[in-house]
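These notes are about the structure you will find just below.
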């Protein structure tokens, strides 16, 4: 059974997300379904800014994070079960090779 989308746009369906925030921005790791690519599942790193008048606004820019914040976001995504079991196993294997 397909998960209900958190948000729908012409480009994609936001299926799940893990977020952390600091005093200025909200950082997200998101699982999306990209419609123009034949409903392909992808992971997206995003950054949002709270626009008091309009709520959270997705910023169209790269996500820049210090390693510590990146690890916090990755940990949150693991806790939220954002990743497939297959992906986690492949990630473990990759880390153990180094």
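The values are calculated or read from the model by the stated rules, or taken from the named source; none is laboratory data. Computed from a prediction, not measured in an experiment: that's the story for all the values here. Cβ sites come from the backbone with ideal geometry, for glycine too, and all protein chains shown count toward neighbours.
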Margin query: When you scan region 41-53, do you find a residue that is at pLDDT 95 or above and part of a loop (DSSP other than H, G, I, E, B), even just one?
Written below: no
Next item on the list: Could you tell me which residue of region 7-18 is nearest to residue 82 (Cα to Cα), considering only residues that are surrounded by fewer than 12 Cβ atoms within 10 Å (Cβ to Cβ) and touching a residue at least 24 places away in the same chain (Cβ under 8 Å)?
Entry: 11
Check: Mind checking whether some residue in region 19-37 is surrounded by fewer than 17 Cβ atoms within 10 Å (Cβ to Cβ), free of Cβ contacts under 8 Å to residues at least 12 places away in the same chain and closer than 24 Å to residue 87 by Cα?
Finding: yes
Check: Taking interchain pairs and intrachain pairs at least six residues apart, which have beta carbon atoms under 7 angstrom, with the first residue in region 45-68 and at negative phi and the second surrounded by 14 or more Cβ atoms within 10 Å (Cβ to Cβ) and assigned to a loop (DSSP other than H, G, I, E, B)?
Finding: 45/63; 46/63; 47/63
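Find the residue count for region 54-98, including only residues that are within 23 Å of residue 3 (Cα to Cα), out of contact with any strand residue (DSSP E or B) (no Cβ under 6 Å at 6 or more places or on another chain) and outside any loop (DSSP other than H, G, I, E, B).
Residues in region 54-98 being within 23 Å of residue 3 (Cα to Cα), out of contact with any strand residue (DSSP E or B) (no Cβ under 6 Å at 6 or more places or on another chain) and outside any loop (DSSP other than H, G, I, E, B): 9 in total.
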